[in-house]
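Comments concern the structure below.
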Amino acid sequence: MDKIISKVYQIIKDSSNLIETEEAIQGYMYDVFAQLMGQILSNFNEVIKEEKQREGWKVKRADWKTVQFIFGPVRYRRTLMVDTNNQNHYPLDEWLGIRKYQRHSPLVEVKVSELVSKATYRDTAAILNEWTAITLSHQTVGSLLKRVGAAQSREDEENVLELEEATELPEGKKVDYFYAEADGVFVRGTEKKKSLEVRHAILYEGWEKNGKRVSLKEPKAIMTTKKTAGFWAEVQAFTANHYALQQAQIITNSDGGQGYTADKFQEAFSQSNYPVLNQLDSYHVFQGLNRAFGSQTNVFKQHVRQALKTHDLDELTIWLDTYESTLDETPAVEKLNTFRTYVLRNWDRIFDWREKAEQVPKDARGLGAMESNQRHISFRMKKRGMHWSAEGCEAMVKVKQGMFNHTLREAYLHQQNRSTRQQRKLKQTVRLSSLLHEKTRQSVGAKNGTIPLYASHSSAIGQLIKSFR
């Protein structure tokens, strides 16, 4: 501690201003922590090595490894050992949960992925280089994003497989009403004139009010670029693992596009004993209304809107036909016919769920949260000339999903191949006392010896020998 205080004192003394002082102290702190961490990990390595030797493992060689932590690069010594089955291991890396060839700590990988979900690769690298002891290129940032996103993706796939193999549904939270909305967002792909669809579902239990502000209750998201079957399998697996929906009324909402039809929701929430209510998203209905009649208010638009609200098909048909008779331009007629086809195809789904369900909750509101939640994707992944590879797009949306659901770090650590059992066993191996105390040496007793005398006992050297007796 005295050495650190002296160094900080010297830094303050030599700096010409407070900015230089703070930057120099920060750099020194990073160096000190990195050195201490390296020494501690090397000590861990010695303790684990000795424990493994008692189990019959043999030492092959000792190596140095450098891992980039949040406070700087840490260089530590590790031992390559051979187990009783003649398999090679780095016991320290296995205990730490460090993968083969891993060059960044788990916190660095997760932090980089969380930051890049809001900023570009280059901006993320620049921010980290400026504010931390981490030095990365934008290419490395992309690689770390793909690794962490792949961990969340594998976690979701495992949940799907577990549900398929399970003999009964897991026990989950019981709710009276459960709400789900789904839609897709298209982003530009790296291939010319080819887009990638991000399939997105938002699941929630209802609404919460904080003053005048209303928010979704326990919202969760499922995002993926997988095909329709894979997307709905993830939706079903997630809800089955978290909720007991047998006695729940499921309320769903979508635009009725390909892959988001009523039968998809019915299949995904088939564990419910009640029919799934699926309504057509009002945002898309009125968006089509504006395309057909224009953004300005007119008498035809008002009557069509009223017919939709009262669900009066005859009234709707009369006003659509009347308005069509006033049109001369072919494009305007095509827009009206497109709207007519869309409404008639989904006519049975144009309703307010609160008029269909029994015993509607007091806080019940109309559905339509999907459009605002799509901003999680569109604000980061669209416009600004962005193009995405299939791997990069899937990784990005999975990182965003993990952050939204607060599962990203848990999924990442679970995929680091360090099970709970391994952690418990290895923690028993490393005792803190082994690191904080020096090893005792076996006592061999007092040693005896004589000093040869090649002179008379009356001489000076003879008198000295007598004094030792």
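Here, each number is a calculation from the coordinates, and none is a lab measurement. Not measured: the values here are computed from a predicted model. Note: ideal-geometry Cβ built from the backbone for every residue, glycine included; neighbour counts use all protein chains shown.
With distances taken between every two different alpha-carbon atoms, region 1-145 has a Kirkwood hydrodynamic radius of 17.5 Å.
Bridging of residue 217 to lysines at a Cα separation below 16 Å is possible for 173, 174, 209, 362, once same-chain residues fewer than 8 apart are set aside. A protection proxy built from the mean count of other Cβ atoms within 10 Å ranks the segments 296-303, 43-50, most packed first, as 43-50, 296-303.
With respect to the chain, whose longest principal axis is taken over its alpha-carbon atoms, helix 282-293 is tilted by about 50°. Within the straight-line cut-off of under 19 Å between alpha carbons, the aspartates and glutamates reachable from residue 7 are 20, 22, 23, 31, sequence neighbours fewer than 8 places apart in one chain being disregarded.
Extension gain, residue 286-residue 115: 0.36 nm per intervening residue step, less the Cα-Cα distance, totals 57.9 nm. For the chain, the 222 nm mean residue ellipticity estimated from helices alone, with every DSSP H stretch of n ≥ 4 adding -39500 (n - 2.57) and the total spread over all residues, rounds to -16000 deg cm²/dmol.
Over 19 Å between Cα atoms, which of 192/382; 226/264; 118/192; 264/335; 309/356 qualify? Pairs exceeding the cut-off: 118/192; 264/335. Of the labelled figures [x] 24.6; [y] 28.3; [z] 27.7, only one reflects Kirkwood radius over Cα pairs in Å as derived from the coordinates, namely [y].
All distinct Cα pairs of region 282-360 go into the 1/r average, and the inverse of that average, the Kirkwood radius, is 13.2 Å. In terms of packing, defined here as the mean over residues of other Cβ atoms within 10 angstrom, the peptides 344-354, 254-264, 186-196 line up highest first as 254-264, 344-354, 186-196.
Derived scalar couplings between HN and Hα for region 94-99 equal 5, 5, 6, x, 8, 6 Hz in order, rounded to whole Hz, by the Karplus curve 6.51 cos²θ - 1.76 cosθ + 1.60 (θ = phi - 60°), x for Gly and Pro.
Extending 7 Å from the Cα toward the beta-carbon at both residue 126 and residue 384 defines two label points whose distance is 1.1 nm.
Pairs of alpha carbons in region 92-183 separated by more than 16 Å make up 67% of all such pairs. Could you please state, rounded to a whole Å, how far the C-alpha centre of region 1-21 is from the C-alpha centre of region 52-97? Cα centroid of region 1-21 versus Cα centroid of region 52-97: 37 Å apart. According to the Kirkwood relation over distinct C-alpha pairs, the hydrodynamic radius of region 178-236 is 13.2 Å. Restricting the calculation to alpha carbons of region 151-266 gives Rg and Dmax of 15.6, 49 angstrom.
Return one number: the angle in degrees, 0 to 90 and rounded to the nearest 10, between the long axis of the Cα atoms of helix 313-325 and the longest principal axis of the Cα atoms of the chain. Rounded to the nearest ten degrees, it is 80. Taking a straight line from the alpha carbon of residue 100, these lysines sit under 27 Å away, with near neighbours fewer than eight places off in the same chain left out: 49, 52, 58, 60, 65, 111, 146, 398, 400, 425, 427. Enter the angle in degrees (range 0 to 90, nearest 10) between the Cα long axis of helix 2-14 and the first principal axis of the Cα atoms of the chain, meaning the one along which they spread out most. It is inclined by approximately 70 degrees.
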